[in-house]
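This report concerns only the one structure given below.
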Amino acid sequence: MARRKYVVGNWKMNGLASALDEARAIFEGAAAHPSVDVALCPPFTLIGAMHAAAPDAAVGGQDCHSADAGAFTGSVAASMLADAGATLVIVGHSERRDGCGETNAEVKAKAEAALAAGLSVILCVGEPREVREAGGAIDHVLAQVRESLPDQFDRTRLAIAYEPIWAIGTGLVPTVEDVAAMHGSIRAALTERIGAGANELRLLYGGSVNGDNAAELLGAGDVDGALVGGASLTAAKFLPIVAAAATLAG
């Protein structure tokens, strides 16, 4: 069975209540492409309102804590995301790993907490520029995959997003061949870990994806969708990526 294409928008620290009209436009436009699964991950403050504005749409969080409750000021539990209407969460984004010092073990714990709360998970991995230039990108990313992957998981509720750190928000994009090689290596590592079931996991690419390059990137081997940053903030920029994915949907 072919894996469904999956396009997810990560709004990062962008969006006030006034942005809900844009979210509605995105979800309404995405409905024209039923072969593609589409989700938006807004700031925590908008999850409940976005879910209320588009109750049938997939809305997610951008991070969660590994604990279900406790004295963790400023943190959000996976169960709280679910309670607000979220159905998924991003964990391990490089802006969390590098900017906040999150380890593979911490990312793994967050992913396990999210799955236990009933959320689907997008687990992010990626290498910095100096690692890529030194020829160590694949080894670096596969170590993240192996050490961040939950011990037990429903294969239909976990996706892995490869985002080379140097391509996030920079306009720099790896070659299609490099993307295909990385995704193929991730798929092989997953197969080694869980067997043939690895073919059910969706692998997303992220890093300066836009309407102009989406078709080429999403057409690379083992690329099942995209995790999109800046281009996901407006329907005008995001929907062409969804449309590109639809042309490639099996």
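Which one of these is among the β-branched types (Val, Ile, Thr), in a helix (DSSP H, G or I) and touching a residue at least 40 places away in the same chain (Cβ under 8 Å): VAL173, VAL179? Steps first, please.
Details: VAL173 fails: in a helix (DSSP H, G or I).
Of the residues listed, the single one that is among the β-branched types (Val, Ile, Thr), in a helix (DSSP H, G or I) and touching a residue at least 40 places away in the same chain (Cβ under 8 Å) is VAL179.
Do you know which residues across segment 16-53 are crowded, with 20+ Cβ neighbours inside 10 Å and not in a helix (DSSP H, G or I)?
Those that are crowded, with 20+ Cβ neighbours inside 10 Å and not in a helix (DSSP H, G or I): VAL36, ASP37, VAL38, ALA39, LEU40, CYS41, PRO42.
All but one of (1) out of contact with any helix residue (DSSP H, G or I) (no Cβ under 6 Å at 6 or more places or on another chain); (2) under 23 Å from LYS12 (Cβ atoms) hold for ASP178; state the number of the condition that does not hold.
Among (1) out of contact with any helix residue (DSSP H, G or I) (no Cβ under 6 Å at 6 or more places or on another chain); (2) under 23 Å from LYS12 (Cβ atoms), the lone unmet condition for ASP178 is (2).
Would you mind stating whether ALA189 is among the small types (Gly, Ala, Ser), under 20 Å from VAL8 (Cα atoms) and outside any loop (DSSP other than H, G, I, E, B)? Before you say what the answer is, go through the steps one by one.
Numbers: among the small types (Gly, Ala, Ser): yes; under 20 Å from VAL8 (Cα atoms): no; outside any loop (DSSP other than H, G, I, E, B): yes.
No: the conditions fail for ALA189.
Does ALA134 satisfy the criteria of being among the hydrophobic types (A, V, I, L, M, F, W, C), under 19 Å from ASP68 (Cα atoms), out of contact with any Phe, Trp or Tyr (no Cβ under 8 Å at 6 or more places or on another chain) and exposed (fewer than 15 other Cβ atoms within 10 Å of the Cβ)? Break it down into steps so the answer makes sense when it comes.
Values: among the hydrophobic types (A, V, I, L, M, F, W, C): yes; under 19 Å from ASP68 (Cα atoms): no; out of contact with any Phe, Trp or Tyr (no Cβ under 8 Å at 6 or more places or on another chain): yes; exposed (fewer than 15 other Cβ atoms within 10 Å of the Cβ): yes.
Considered against the rule, which asks whether it is among the hydrophobic types (A, V, I, L, M, F, W, C), under 19 Å from ASP68 (Cα atoms), out of contact with any Phe, Trp or Tyr (no Cβ under 8 Å at 6 or more places or on another chain) and exposed (fewer than 15 other Cβ atoms within 10 Å of the Cβ), ALA134 comes out as no.
How many residues does segment 98-108 hold that are surrounded by fewer than 18 Cβ atoms within 10 Å (Cβ to Cβ) and not in a loop (DSSP other than H, G, I, E, B)? Reasoning before the result, please.
Going through segment 98-108, the residues surrounded by fewer than 18 Cβ atoms within 10 Å (Cβ to Cβ) turn out to be 98-101, 103-105.
Now narrow it down to the ones that are not in a loop (DSSP other than H, G, I, E, B): 98-100, 104-105.
Looking only at that region, the number is 5.
Do we have any residue at all in segment 92-114 that's more than 24 Å from ILE160 (Cβ to Cβ) and free of Cβ contacts under 8 Å to residues at least 24 places away in the same chain?
Step one: list which residues in segment 92-114 are more than 24 Å from ILE160 (Cβ to Cβ), which gives none.
Scanning segment 92-114, I find no residue that is more than 24 Å from ILE160 (Cβ to Cβ) and free of Cβ contacts under 8 Å to residues at least 24 places away in the same chain, so the answer is no.
Among ILE138, ILE122, which is assigned to a strand (DSSP E or B) and of a type in the set (A, V, I, L, M)?
ILE122
Kindly evaluate THR156 against the criterion of being in contact with a helix residue (DSSP H, G or I) (Cβ under 8 Å, 6 or more places away or on another chain) and touching a residue at least 24 places away in the same chain (Cβ under 8 Å). Can you show your working first?
Numbers: in contact with a helix residue (DSSP H, G or I) (Cβ under 8 Å, 6 or more places away or on another chain): yes; touching a residue at least 24 places away in the same chain (Cβ under 8 Å): yes.
So THR156 passes the test.
Read-outs throughout are calculated quantities, based only on the coordinates presented, and are distinct from any laboratory measurement. The structure presented is a predicted model; accordingly, all values stated were derived computationally and were not measured. Virtual Cβ from ideal backbone geometry, glycine too; neighbours counted across all protein chains shown.
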